[in-house]
Amino acid sequence: MTRQAARIAILGTRGIPARYGGFETFAEELSTRLAERGHAVTVYCRERYPEPQYRGVSLVYLPTWRHKYFDTIVHTFLSTLYLMAHRPDVALYCNGANAIFTALPRLAGVPTALNVDGLERKRKKWNALAKAWYASSEWLATFCASVVVTDARSIARYYLERYG
């Protein structure tokens, strides 16, 4: 039996090729490997790359509000609206702060996965409002997304113990 290629969207990062951090590296490695297997992968990007594709992955550039506290959520919100008009088979959201945005595609029948990474609400770099957003997003992640994933056993254990 042959598998049909899936249309996969990856949102919530700065984009690929990776130039910044962990989620970008993850998005690049995953998207290019899925594309090599024949899937149609789209990564929603903030940072410009001179080509419309990178190693077989389609790149969609959308605007954002360049601000420490709003960059990710504004871009992911706009990416979600775009995604709804270009329905993928599945959407992978990176960054727990984006939990709220997984609800709309899921309600429209698009399975959503949310990759959470660490306990951002405890980091000193965030002000009280950002910490509250991250705390709310932890809780929202448990029911807005179809599934929550992480690459850290300690984070998986945290979510299981705290939220079941």
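What the table shows:
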| read-out | value |
| --- | --- |
| Helices (runs of 4 or more DSSP H) wholly inside the range 49-164 that include at least 3 residues being hydroxyl-bearing (Ser, Thr, Tyr), crowded, with 20+ Cβ neighbours inside 10 Å and touching a helix residue (DSSP H, G or I) at 6+ places or on another chain (Cβ under 7 Å) | 71-85 |
| Any hit, the range 3-22, residues being free of Cβ contacts under 8 Å to residues at least 60 places away in the same chain, part of a loop (DSSP other than H, G, I, E, B) and of a type in the set (Val, Ile, Thr) | yes |
| Close pairs (7 angstrom Cβ cut-off, 6 or more residues apart or separate chains): free of Cβ contacts under 8 Å to residues at least 24 places away in the same chain in the range 139-164, in a loop (DSSP other than H, G, I, E, B) and crowded, with 16+ Cβ neighbours inside 10 Å anywhere | Ala156/Thr150 |
| Residue list for the range 47-73, filter: under 27 Å from Arg123 (Cα atoms) and more than 13 Å from the chain's Cα centre (by Cα) | Glu47, Pro63, Thr64, Trp65, Arg66, His67, Lys68, Tyr69, Phe70, Asp71 |
| Pick from the range 16-44, criterion in contact with a Lys or Arg (Cβ under 7 Å, 6 or more places away or on another chain) and modelled with pLDDT of 95 or more, ranking: surrounded by the fewest Cβ atoms within 10 Å (Cβ to Cβ) | Ala40 |
| Hey, Ala5 modelled with pLDDT under 95 and in contact with a Ser or Thr (Cβ under 8 Å, 6 or more places away or on another chain) or not | no |
| Matching residues in the range 1-24 - criterion: being within 15 Å of Gln53 (Cα to Cα) and of a type in the set (A, V, I, L, M, F, W, C) | Ile8, Ala9, Ile10, Ile16, Ala18 |
| Residue check, Thr72 under 25 Å from Thr142 (Cα atoms) and touching a Lys or Arg at 6+ places or on another chain (Cβ under 9 Å) | yes |
| Residues that are of a type in the set (A, V, I, L, M, F, W, C) and in contact with a Pro (Cβ under 9 Å, 6 or more places away or on another chain), drawn from the range 61-88 | Val74, Leu78, Leu83, Met84 |
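The values are calculated or read from the model by the stated rules, or taken from the named source; none is laboratory data. Bear in mind the structure is a predicted one, so any value in this text is a computation, not a measurement. Counting neighbours? That spans all protein chains shown, and the Cβs are built from the backbone with ideal geometry, glycine included.
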